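So the structure is just underneath, and the comments pick up after that.
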Amino acid sequence: MASTGDDKMAAPLGDEKQKHMQADSMPEKHDDAGQAVALAEDVAAAQYSPWTPSMWRLYAVLACAYLCGCLNGYDGSLMGGLNGMDSYRDYFGTQVDGSDTGLTFAMYNIGGIAATAFTGPVNDWFGRRWGMFVGAAIIIIGTGVQAPAETGQRFLAGRFILGFGVSFCCVSAPCYVSEIAHPVWRGTLTGLYNCTWYIGAILASWVTYAVAETMKGSLEAWRIPVWCQLITSGFVLIFSLLLPESPRWLMANDKYEEAQRVLAKYHGEGNPDHPLVHLQLKEMTMQITQDGSDKRWWDYSGLFNTRAHRRRMICVLGMGVFGQASGNSLSSYYMAAMLHTAGIKEQGRVLAFNATNPMVSFIGAVFGARMTDVVGRRPLLLSTIVFASVCFAIITGTTKLATEDPSNSAAGNATVAFIFIFGVVFSFGWTPLQSMYIAETLPTETRAKGTAVGSLASACASTVLQYSAGPAFKSISYYYYIVFVFWDLFEGAIIYFFWPETKDRTLEELEEVFQAPNPVKKSLEKRDTHTVLNTLNANNDKMMSV
């Protein structure tokens, strides 16, 4: 029988998925509702523990994807460290600020922008695992170009290639983690992905500090930290194809049985009849189409063709920009310039602060990841962005005092303290959510392309800030911080009015939130059996005729 044509959910499905829909279809509307309510109650009544063998297997799988976060964090701290290293600046004739330094930093993101057209299609066609594999391979090539570079042009070329490869990892890994994470702890497990940014940053900063202190003046002092980028990318290259594929990607590509096995192994303690496995399979069956825009590499219309999708993109583009434009890029790439402005210029102290900052921030990020499932996404984002604005206001004042009176060491120390406090605050509220919130707000068929667009927005914002921050520090010094005092408050207003809460719902159940006239208001309502009913289309509004 022909499909109703009311919605893309009614699109023709693959044979295998069609078979299971027919097996699961119910003749009467009240039977649908009754079974949906029973399933929701079974899921709520089931016992869950984060320490079972199934969960430990899941943690091992996620660990490989988390390494992709390390790759990005390594560069953020690496370039901040190299910029504070005399031998690096002398070799290439750069300064801690200025347009040349800004271009060097920004080239990484320019590479990421260039990769945007390819990252989504690769993930949609070949799967999340292959996206990570391709990204790691390109990063290895970029490292081979950058580390032995003898000219500034070749160094820039290496950074472009690195950014191109990291873009694949930054799209594939968040999609993969959000799609395979256990629903009960999705916030924590997905939030931890971006926390690993700091693991990469810590490794880079301490390697840079160690070689700078032991090999002063040597060219190898800055080449060795660059070569070390091969470590994490090598692990991703080796292990990514050994991972199970995302169950949602499998469902979107008509591989029902394989998706069921993955869910049973990692979410159902090996039991394919576990109620949580049944619920996810049913929700995915209703939400994922076989002829969506993810099957057409050139088609990005699925991101904007309905009001609900446009509301999703407000969140995606907003997080992409705000996640880089809140002032956090200053303390990673321009830590040396911030310290120089505050009167701290000795290389050893600069590199030591650069190495310590990500360690402190990492602690905040891990605690923040856990709190995403406790207090929710919106409260974390709103409270921390307001506090970030306060931090920049204080940093402006203390830096002014340190600049006007170089002997005022208390002002310089206060500047350092609030740079660290800002790092902890931002990491607590934003680091766990930067990738997670984007992945959560997108449906399966547009998640890869939407994440790629979010990555594009992030790269564009980061490019502008990294290129402009150097000249800004040189021209207006600490007054540059005032921009972030007011910008962060603007971000808070956008979040309050437009960003819904995503806590306590499966990825498929968020469709109900974005379909609502007021997604923010709907998201603050408590999840109940009606949420499951709507997601499973128990009222048959979108059911396919068979």
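How big is D for the chain, in µm² s⁻¹ as a whole number, if Stokes-Einstein is applied with the Kirkwood radius of its Cα pairs at 10 °C and 1.306 mPa s? Rounded to a whole number, D works out at 66 µm²/s. Compared with the dominant principal axis of the Cα atoms in the chain, helix 480-498 is inclined by about 10°.
Plainly put, the stretch 334-412 has a radius of gyration that is 1.09 times its Kirkwood radius, both from alpha-carbon atoms, as the Rg/Rh ratio. Cβ-to-Cβ counts within 10 Å put W56, W222, W51, W206 in ascending order as W51, W56, W206, W222, the fewest first.
By the count of neighbouring beta-carbon atoms within 10 Å, fewest first, D504, D86, D97 end up ordered D86, D504, D97. By the beta carbon rule, with partners counted only under 4.7 Å, the chain holds these lone Cys residues: C64, C70, C170, C175, C195, C228, C315, C391, C460.
Rg ratio for the stretch 244-386: its Cα radius of gyration over 2.2 N^0.38 Å, N being its residue count, equals 1.53.
According to the Cα-based calculation, Rg over Rh for the stretch 414-474 is 1.12, with Rh computed by the Kirkwood formula. Between E257 and D528, the C-beta separation translates, for a Förster distance of 35 Å, into a calculated FRET efficiency of about 0.65. Rg over Rh for the stretch 158-293 works out to 1.13, using Cα positions for both radii and the Kirkwood form for Rh.
Normalised radius of gyration (Cα atoms, divided by 2.2 N^0.38 Å) for the stretch 58-163: 1.19. The length gained by stretching the chain between A63 and S49 to full extension, at 0.36 nm per residue less their Cα-Cα distance, is 3.2 nm.
Between helix 186-214 and the chain there is an angle of about 20 degrees, using the helix long axis and the longest principal axis of the Cα atoms. Once the Cα atoms are used to define both axes, helix 409-429 deviates from the longest principal axis of the chain by about 10 degrees.
Readers should treat all values here as calculations from the given coordinates under stated rules, not as data from a laboratory. Since this is a predicted model, take the numbers as computed values, not measurements. Reconstructed Cβ throughout: ideal geometry from the backbone, glycine too, with neighbour counts over all protein chains shown.
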